[in-house]
Amino acid sequence: MIIRRHSENYNFFGDTETGLTLRWSRSLSENPEYAPWPELADISISNHCSKGCEFCYRDSTPNQSFMSVKQYEFVLDSLHSNQWGNVFQVALGGGEPLEHPDFETIIQKTVQRGIVVNFTTNGINLDKARAEFLKGKIGALALSVHSLADLQSEKIKLLKEAGVRTNLHFVLDNQSLDEATGILAGSFNQELQNIDGLIFLTYKPKGRASAKRCLTMDERLSQFVASVDNNKCIARIGFDACFVPVLMNSTDVNVDYIDSCECGFFSVYIDEALNVKPCSFANNDHFSYSLNEFSFQTIWDQKYSLYRSEIKENRCVNTCKNKSNCRGKCSYYDALSFCYQESPG
Ligand SMILES: C[S@@+](CC[C@H](N)C(=O)[O-])C[C@H]1O[C@@H](n2cnc3c(N)ncnc32)[C@H](O)[C@@H]1O
């Protein structure tokens, strides 16, 4: 199905079959400032997880905090605009989505509305039956790892056999950085042969994640960044938005294909208690609004217009080649401002 949205300053094209999305403003060479309705909603359908990763930014535990199917449908209803339609896609997370008792119903409810559904999982509860269920229903599944030693090759094979597009989410911190540089050098291509895309997630010091593991702009990180342009990884690589400034600053990546932080501009986060935030990693409640109190339209149009104007004040004085395309540092984590420079005055 092709989804199109057009207004004077914002044009969007999305293909639900391939996941291809394009956006432009008055002309193809102009970027819209923000979307009149989000293209993507990141939804935590629970904060329940039995795995207990020591670096979990959500501090998830087996706490039974599930979003009910009724609440999930309310969220999808809220994310429907009479003028713009539904969000193009959702990314389900948690907690562990595969531990949600109504996971399959949630997938079905999303598919019925013509919304592309993706989800992130630790993979522990993935089996042949689940892979078969997912066949033809989801855009992509992301398996999370902190080291390739955690790779569950048998499960990846099951997904491949079921034709489910499978990505890896690789958490990039100062412990996993050397392995990540090896991934870019192609040293793990055998292990990654059934993976469609590998997304490096910048480590955030939130929840159980200690600040000690944060990346810093040292020689090792510079070496990793320097390997991006001519990387030999067998899978397509990608990065989360927090890493985009350093890519714009130090690589030849085509800025037409990457986005400065999209949060609150093109995407939004909703937690299991129905709170809307610009980003799942938000470390304060400054722009957190409950769907029980405000309509989504009010949040997106009114509340977030203030957020957007704050973010657009990029005070970085670094005169890099992509200054005009960059939104500067992450507004939540100073520790992630790898190339950001502020005026000493
Ligand atoms: C919180 S998990 C929830 C979904 C699911 N349980 C999983 O393991 O993928 C969502 C994603 O956040 C990543 N993640 C967890 N803690 C993180 C941190 N401190 N910094 C950055 N990413 C983190 C995980 O690796 C995973 O890809």
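Only loop residues by DSSP count here, and only those with at most 12 other Cβ atoms within 10 Å; note down the trypsin sites (Lys or Arg not before Pro) in the range 1-93 that meet that.
Counting only loop positions with at most 12 other Cβ atoms within 10 Å, the trypsin sites (Lys or Arg not before Pro) in the range 1-93 are Arg26.
How large is ³J(HN,Hα), in whole Hz, for each residue of the range 266-271 in order, when computed from phi with the Karplus curve 6.51 cos²θ - 1.76 cosθ + 1.60 and θ = phi - 60°, using x for Gly and Pro?
In residue order, the calculated couplings are 10, 9, 8, 10, 10, 8 Hz.
Is any residue of the range 323-345 close enough, with backbone N under 13 Å, to a label point placed 7 angstrom from the Cα of Thr216 along the Cα-Cβ axis, and if so, which?
335-336, by backbone N distance to the label point.
For the chain, what is the mean residue ellipticity at 222 nm derived from helices alone (per DSSP H run of n ≥ 4: -39500 (n - 2.57); sum divided by total residues; nearest 500 deg cm²/dmol)?
-5500 deg cm²/dmol
Once Lys and Arg get +1 and Asp and Glu get -1 on their Cβ, which of Ala91, Ile311, His80 lies farthest toward the positive end of the dipole of the range 38-336?
Ile311
Among Leu28, Thr18, Tyr57, which residue has its Cα positioned farthest towards the positive end of the charge dipole of the range 9-122, with +1 placed on the Cβ of Lys and Arg, -1 on the Cβ of Asp and Glu, and the dipole taken about the Cα centre?
Going by the Cα projections, it comes out as Leu28.
Given a 10 angstrom Cα cut-off, can you work out which residue in Ser267, Ser222, Ser280 is the most mobile in a GNM of the chain?
Ser222
Looking only at GluC sites (Glu not before Pro) in DSSP loops with at most 13 other Cβ atoms within 10 Å, what is the longest site-free stretch of the chain?
So the longest stretch without any such site is 55-292.
For the chain, set up a GNM with springs between Cα atoms under 10 Å and report which of Asn254, Asn167, Asn325 has the largest fluctuation.
Largest GNM mean-square fluctuation: Asn254.
With viscosity set to 0.692 mPa s and temperature to 37 °C, compute the Stokes-Einstein D of the range 38-336, Rh being the Kirkwood radius across alpha carbon pairs; µm²/s, no decimals.
Roughly 164 µm²/s, to the nearest whole number.
Hey, what do the phi angles of the range 88-99 turn into as Karplus ³J(HN,Hα) couplings, whole Hz, using 6.51/-1.76/1.60 and θ = phi - 60°, x for Gly and Pro?
Couplings: 5, 9, 10, 10, 8, x, x, x, 9, x, 6, 9 Hz.
Are there chymotrypsin sites (Phe, Trp or Tyr not before Pro) in the range 228-300 that DSSP marks as loop and that have at most 15 other Cβ atoms within 10 Å, and which are they?
Those that pass, being in a loop and sparsely packed, are Phe294.
Among bridges DSSP assigns within the chain, what percent are antiparallel (round to 5)?
Here the antiparallel bridges make up roughly 30 percent for the chain.
Among the lysines, select those whose C-alpha is under 29 Å from the C-alpha of Lys323, and discard any that sit fewer than 8 residues away in the same chain.
Cα-Cα hits under 29 Å: Lys204, Lys206, Lys232, Lys277, Lys303, Lys312.
Looking at the range 131-236, which trypsin sites (Lys or Arg not before Pro) are in a loop (DSSP not H, G, I, E or B) and have at most 11 other Cβ atoms within 10 Å?
Lys232
Could you check how many percent of all C-alpha pairs in the range 1-104 are farther apart than 23 Å?
Looking at the range 1-104, the distances longer than 23 Å represent 43 percent of pairs.
Give me the distance between the Cα centres of the range 255-287 and the range 193-223, rounded to whole Å.
Rounded to whole Å, the Cα centres lie 19 Å apart.
Read-outs: derived from the displayed coordinates by stated rules, not from any lab. Keep in mind that what you see is a predicted model, and the values were worked out from it rather than measured. For neighbour counting, all protein chains shown are included, and Cβ atoms are generated from backbone atoms with ideal geometry for every residue, glycine included.
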